[in-house]
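**Student:** Encoded as structure tokens, here's the structure I'll be asking about.
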Amino acid sequence: MNDDQLLRYSRHILLTEFGVEGQQRLLASHALVIGAGGLGSPVALYLASAGVGRITICDADTVDLTNLQRQIIHRTASVGSPKVESARGTMLALNPEITVVPLSERIAGERMDELVSSADVVVDCSDNFATRHALNRACVNHATPLISGAAVRFDGQVSVYDFRNPAAACYACLFPEEGENEDMPCAVMGVFAPVTGIVGTIQAAETLKLLAGVGETLSGRLLLLDALTMQIRVVRITRDERCSVCSKTAHG
Ligand SMILES: [Zn+2]
């Protein structure tokens, strides 16, 4: 690290758990962020400010006026622009030292596999079950850790599926692919702006800890937030031996 970097990241380096080594791990890391919306905004901002060296951010949408209430990486002037371009601009203004790869596309299939295999960590900031399940499968297959978050109305949830641990549960252990999980889009259900910020910020914290090798992540636990009463619960989660995704693969 040069002098500017030592200054920029000094408040991390001061943390005994982090030190120069933890910060260097962040600088050498590649995070794949799926979604540049309510959750993706705080995730991308914190990963950028904290110096994750390479951040690939995927989203096929353009910025809409209805996004700005909570998607704090975008600005009014960006309405109509691709979300990933808007996000990249804000991230690089915050930290020009990192590399941001903007992908304005809906990734699936081989493309998703290729991207997941190239990343050290995947942060799921998507808003639908099809993408969450596809990402979960790809992460199980490549043993890539997955930081998953969701937010709707006043409710939020976060978990970490760390597939480097063969005993780790996967997303489908909790929410089976064949289950009756219906998408609850914010456009229909509404969402309290700071809920996306709280959930996304917890996802960012878990991502940075995992990359730097600091502390204990939410792996094996699910955090549930009710912002209407501001209650947070953390429940244990275990692997479903009959899970159609992780019980058939080689990660066990
Ligand atoms: Zn599973």
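**Student:** With point charges of +1 on the Cβ of Lys and Arg and -1 on the Cβ of Asp and Glu, referenced to the Cα centre of the range 166-252, which listed residue (G197, L218, C243) lies farthest in the positive direction of the dipole?
**Tutor:** The listed residue farthest towards the positive side: L218.
**Student:** If you don't mind, there's one more thing I want to ask. Counting only protein heavy atoms, what percent of the accessible surface of the chain is carbon or sulfur at a 1.4 Å probe? Intermediate values should be presented prior to the final figure.
**Tutor:** On the way: 6100 of 11830 Å².
Of all accessible area on the chain, carbon and sulfur atoms account for 52 percent.
**Student:** Dipole magnitude of the chain about its Cα centre, charges +1 at Lys/Arg Cβ and -1 at Asp/Glu Cβ only, in debye to the nearest 20?
**Tutor:** Once rounded to the nearest 20, the dipole reads 360 debye.
**Student:** So for the range 128-176, averaging the separation of alpha carbon pairs under 8 Å that are six or more residues apart and normalising by length, what relative contact order in percent results?
**Tutor:** RCO, the range 128-176: 32 percent.
**Student:** While we're on this one: So, taking all protein chains as they sit and a 1.4 Å probe, how much accessible area belongs to M189, in Å² rounded to tens?
**Tutor:** 70
**Student:** In debye, nearest 20, what is the charge dipole magnitude of the range 184-252 about its Cα centre with +1 on Lys and Arg Cβ and -1 on Asp and Glu Cβ, if you could check?
**Tutor:** 180
**Student:** Let me ask something additional. Along the Cα-to-C-beta direction of M1, a point sits 7 Å from the Cα; which residues of the range 51-84 have their amide N less than 12 Å from that point?
**Tutor:** 51-52
**Student:** Moving to a separate point now. Using a Förster distance of 41 angstrom, determine the FRET efficiency expected from the C-beta separation of V79 and S247, and round it to 0.05.
**Tutor:** Details: r = 45 Å, r/R0 = 1.11.
It comes to 0.35.
**Student:** Related question: Considering only protein heavy atoms, what per residue accessible area in square angstrom results for the range 127-192 with a 1.4 angstrom probe?
**Tutor:** Dividing the accessible area of the range 127-192 by its residue count gives 45 Å².
**Student:** Tell me which GluC sites (Glu not before Pro) from the range 197-252 have a DSSP coil assignment and no more than 14 other beta carbons within 10 Å of their own.
**Tutor:** Within the range 197-252, the qualifying GluC sites (Glu not before Pro) (loop, at most 14 other Cβ atoms within 10 Å) are E216, E241.
**Student:** Something else about it: Could you work out the mean projected area of the convex hull around the alpha carbons of the range 103-175, in square nanometres to one decimal?
**Tutor:** It is 5.1 nm².
**Student:** Taking the range 131-234, which trypsin sites (Lys or Arg not before Pro) meet the DSSP loop condition and have no more than 12 other C-beta atoms within 10 Å?
**Tutor:** R164
**Student:** May I pose another question? 222 nm [θ] for the chain, helices only, -39500 (n - 2.57) per DSSP H run of 4+, per residue, to 500?
**Tutor:** Per the formula, -10500 deg cm²/dmol.
**Student:** Which one, V234, L115, G149, projects farthest toward the positive side of the charge dipole computed for the chain from Cβ point charges (K/R +1, D/E -1)?
**Tutor:** In the chain, that residue is V234.
**Student:** Moving on. Once the Cα atoms of the chain are picked out, what are the Rg and Dmax in Å?
**Tutor:** Cα only, the chain: 17.4, 54 Å (Rg, Dmax).
The values are calculated or read from the model by the stated rules, or taken from the named source; none is laboratory data. Worth saying up front: this structure is predicted, and the values here are computed from it rather than measured. When we count neighbours, we look across all protein chains shown, and the Cβ atoms used for this are built from the backbone with ideal geometry, even at glycine. Each accessible area value is taken on the protein alone, full model and side chains, heavy atoms only, with ligands, DNA and RNA left out. Shrake-Rupley method; radii C 1.70, N 1.55, O 1.52, S 1.80 Å.
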